[in-house]
1. Once fully extended, how much extra length lies between Asp89 and Ser371, figured as 0.36 nm per residue of separation less the alpha-carbon to alpha-carbon distance?
2. Rolling a 1.4 angstrom probe over the protein heavy atoms, how many square angstrom per residue are accessible across the chain?
3. So how tilted is helix 251-260 from the main axis of the chain? Cα-based, degrees 0 to 90, rounded to 10.
4. Which residues among segment 279-300 fall inside the zone where the amide N is under 19 Å from a point 7 Å beyond the Cα of Glu348, along Cα→Cβ?
5. How big is the antiparallel share of DSSP beta bridges in the chain, given as a percent to the nearest 5?
6. Long-range amide H contacts for Leu146: which residues qualify at under 5 Å (H placed 1.01 Å from N, peptide plane, sequence gap of 5 or more or a different chain)?
7. Ranked highest first by average number of other Cβ atoms within 10 Å, how do 390-401, 206-217 line up?
8. What percent does the relative contact order of the chain come to when contacts are Cα pairs within less than 8 Å and at least six residues apart?
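The values are calculated or read from the model by the stated rules, or taken from the named source; none is laboratory data. For clarity, every value in this text was computed on a predicted model and none was experimentally measured. Cβ: placed from backbone, ideal geometry, glycine included. Neighbour counts: every protein chain shown. Note: accessible area is taken over every heavy atom of the protein model, side chains too, but ligands, DNA and RNA are not part of it. Shrake-Rupley method; radii C 1.70, N 1.55, O 1.52, S 1.80 Å.
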Amino acid sequence: MERFPAIISITAIMLYTCQATSGLYPLILVPGNGGNQLEARLTEAYRPSSLWCRSLKSKEKWFRLWFDPTVVVAPFTKCFAERMTLYYDVDLDDYRNAPGVEVRVPHFGSTESLLYLDPYLKHITSYMAPLVESLEEIGYVNGETLFGAPYDFRYGLAAADHPSHVGTKFLQDLKDLIEKASITNEGKPVILVSHSLGGLFVLQLLNRNPSSWRQKYIKHFVALSAPWGGTVDELLTFASGNTLGVPLVDPLLVREEQRSSESNLWLMPSPKLFCDQSLVITPNATYSAYDIARFLNDIGFPQGVYPYKSRILPLVEELVAPEVPITCIIGTGVRTPETLHYGHSFDEQPEIVYGDGDGTVNMVSLLALESLWKNVKNQPVKVIRIEGVTHTDILSNDVAVDEIVREISGRNSYVLGVQSQ
């Protein structure tokens with residue numbers, strides 16, 4: 001991938017900074033799965049499964065649910081999992097929290113809960129802090145031109161005619177924030193910057209609002225590491241549990257909680273993109289993206305089959321171009337799970353065959369918009385590839401952050417005589 005020489009890049013940022021504060025387009029950051037803090041409160045309806053869980057937190061007081069460092073201690077891992085678990089209510093055709101557990105998202109509208117998942121453990125739970133600091137260096141100010149849109153990432157969205165109360169409310173809150181950010185910045189349209197799962201929410205927001213609204217309020221959409229067509233890694237999560245890099249955690253202790261997540265179900269590999277590729281292989285069966293329902297049943301999660309077939313599958317069957325300029329910034333050249341080989345039990349971690357991607361999202365999913373929309377009129381899509389940068393490190397790697405800031409700078413002003421698009 002071609003890059004500007006370092007001296008030109010630095011000069012561009014300096015030139016931009018001098019004129020940035022008076023002409024910035026407002027910018028909203030939308031995090032990915034697990035990318036912001038969550039708080040919980042236990043009510044009288046809460047029935048802990050053990051004395052450990054009973055003693056961990058007192059009732060009626062809000063506490064940090066995500067990220068909680070006590071998750072690494074096995075008895076507390078189980079407590080954490082039961083409080084994070086969602087339940088699909090067949091009668092309501094929607095997801096809900098565990099009985100007696102209330103969850104809220106702190107600091108909506110601010111970047112505060114996106115910087116660190118635990119502000120007391122900044123070094124090991126940093127998330128968007130490096131990117132936010134770089135944006136502030138070019139003139140962005142939290143609460144004035146820079147905003148955050150955290151959400152309860154356990155919930156997702158559903159196909160038309162199916163309720164998704166929490167996810168739909170987030171889309172409305174995000175829409176309201178976009179309009180507020182624009183109005184308080186002299187009517188300037190907004191730049192949306194998402195990471196991972198956040199890109200799926202943003203695309204749904206754009207497609208669920210009329211063209212006139214998009215033209216008025218959206219300047220540009222920058223999607224970082226977006227899993228447009230899901231990931232093979234999600235199959236591993238459902239089958240065997242996934243520690244997500246947290247040390248000392250038994251994946252089986254969090255597997256049921258991870259299976260319960262509506263957004264995780266949304267991230268299953270899309271048949272439209274993965275087609276009939278063999279994704280999971282066992283001694284008795286082979287599963288492609290067309291076989292997700294059978295896979296869910298065979299791993300011992302039959303209760304996921306109906307919501308997947310009725311709510312999720314119709315949602316992912318088509319990616320609709322929103323006619324908004326989009327830049328996809330992705331990592332490449334990182335070993336990414338492509339095929340999972342299981343022996344006698346899904347309780348064991350599989351042997352993994354790796355392919356290209358960002359370590360989490362497969363290349364076919366990262367490049368979906370470029371491949372599907374290359375001939376769609378009025379839908380500009382630009383892809384920036386960064387070699388060797390992982391799914392999450394794209395938010396902190398110096399080269400990646402420079403690319404992100406350069407792209408945002410280009411939307412805002414004339415840089416080295418090149419007009420923004």
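1. Answer, rounded to one decimal: 97.8 nm.
2. 43
3. Between the helix axis and the principal axis of the chain, the angle is about 70 degrees.
4. 280-287, 298-300
5. 45
6. Under 5 Å from the amide H of Leu146: Leu27, Val141.
7. Most protected by this proxy first, the peptides run 390-401, 206-217.
8. Here the relative contact order equals 18 percent.
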